[in-house]
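The block underneath contains the structure these notes are about, expressed in structure tokens.
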Amino acid sequence: MRSFVLKSLDDMPVYEGGWEVLRHQCGASVYSSYYLTRSWLRAFEQSASPRIIIVEDGGDIVGLAPLCSYRYKVKGIPIRVLSLAGDMRDRRRLSNNSIMIRPGRSDVLERILKEIKRLDWSLLWTINMERMPEVNEYVERVRNTWRPIEREGQTHISVPLPIEGDVADGFDRGARKNLQRKMRKLEREGVMIELAEIQTEAIDRAVDLYARQHIERWASKGGSYFRNPQNVNFLKMATKEAYTREQGFAADLLVNGEVAAQMFSYVEGDQAFGDRIGISERHLHISPGWLILYHAMAEMRSRGVRRLHVGNGTEHYKYVMGGQETQLSGIGAAQGAVALLSRLPMLSVAKMSGSKEGAGRSATVEE
């Protein structure tokens, strides 16, 4: 058994096959996939560097920690962060990237921890991981090895799609009746509603529109993280990579031929991951967020999808759709001078980790 650290994007492609075999053995989601991790690292390579720990046994990858390294200062204090790729302040996140260890191989964890100890960091930040026995063991070992920063992962919500009947049958009574009433009204008024799948060659155009509308919508609410062009590039790259692997589904909701809403999703087997919905403010009166969810769910179900993941966070609309909770896991740790400084009130966990969520979250489906 051997362990090593990849510090260059150029070194990653040769490990894609083994990475994906391990991910499926662990049951990790698409957010831990090779292509989304690499897309994120490519998009933000000016800000973060790969620190991917790989453990091999007999030529097979049996352990993998998809980490990255970045630095900044808090009140003049330099902070060297080692975090899961996809978790950085004001950058578009991977919802639940995880450390992955082949089930039953607790010996692999020792190698991962050994490599983490060798890396240059003052703050370790690994949150929003999927709960698996190996991840639980990792959390406990980190807690007992360094000064821990306790941080529970977010709540992840997914919506089961009815096997037959109307896809809104799983909504609660109020949400279902409101949607039906809205759709009947639009039909009486002769409004044409169409779900149009975005083709590969139109992805750049669609993402630019999504980002522009997001920026406009959040101008008076603290600003949008899509003002950072790296976030725009990430969504473009990730969507294109998903399409290349036939694992992408992105669509426009057309109202009388005009784009009123958009949805960007990753699809793997019978699971879809669709936590990016954009809307046009001038169409708010027709509830375009609900309409695109309804039509996209119906289309996905026709393609074999049985569960739609709608991301982290406990927004109300997810529950009225019949959303089910999964609690994610996480832990942080500090060492060196930062372990002492992290006790000071002026250095909150959010400031120390750089993990404050950027603008763009909302309590309604319309965002």
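Derivation of every value follows stated rules applied to the coordinates shown; laboratory data play no part. All values reported here derive from a predicted model rather than from experimental measurement. Cβ sites come from the backbone with ideal geometry, for glycine too, and all protein chains shown count toward neighbours.
A few notes on this one:
- For the chain, the longest principal axis of the alpha carbon atoms and the long axis of helix 133-145 meet at an angle near 50°.
- From the alpha carbon centroid of the stretch 179-238 to that of the stretch 22-93 is 28 Å.
- In terms of overall dimensions, the stretch 157-324 has a Cα radius of gyration and Dmax of 15.6, 43 angstrom.
- Length-normalised contact order of the chain in % [C-alpha pairs under 8 Å, at least 6 apart]: 22
- In order through the stretch 282-294: 3J(HN,Hα) via Karplus (6.51 cos²θ - 1.76 cosθ + 1.60), integer Hz, x for Gly, Pro: 6, 10, 4, 5, 9, 6, x, x, 5, 5, 6, 4, 4
- Surrounding net charge for Asp252, when Lys and Arg each add one and Asp and Glu each subtract one, Cβ distance under 11 Å: -2
- Take the Cα radius of gyration of the chain and divide it by 2.2 N^0.38 Å, N being the number of residues; the result is 1.02.
- Applying a DSSP loop filter and a limit of 13 other Cβ atoms within 10 Å to the chymotrypsin sites (Phe, Trp or Tyr not before Pro) in the stretch 1-101 leaves nothing.
- The dipole here belongs to the chain: it is taken about the Cα centre, uses +1 on the Cβ of Lys and Arg and -1 on the Cβ of Asp and Glu, and is about 1400 debye.
- Pairs of lysines in the chain (C-alpha under 20 Å apart; 8 or more residues apart or interchain): 10
- Cβ crowding within 10 Å ranks Asp166, Asp87 as Asp166, Asp87, fewest other Cβ atoms first.
- Kirkwood-type radius of the stretch 166-236, with distances r between different C-alpha atoms, in Å: 15.3
- Among 245-253, 324-332, the peptide with the highest mean count of other Cβ atoms within 10 Å heads the list, and the full ranking is 245-253, 324-332.
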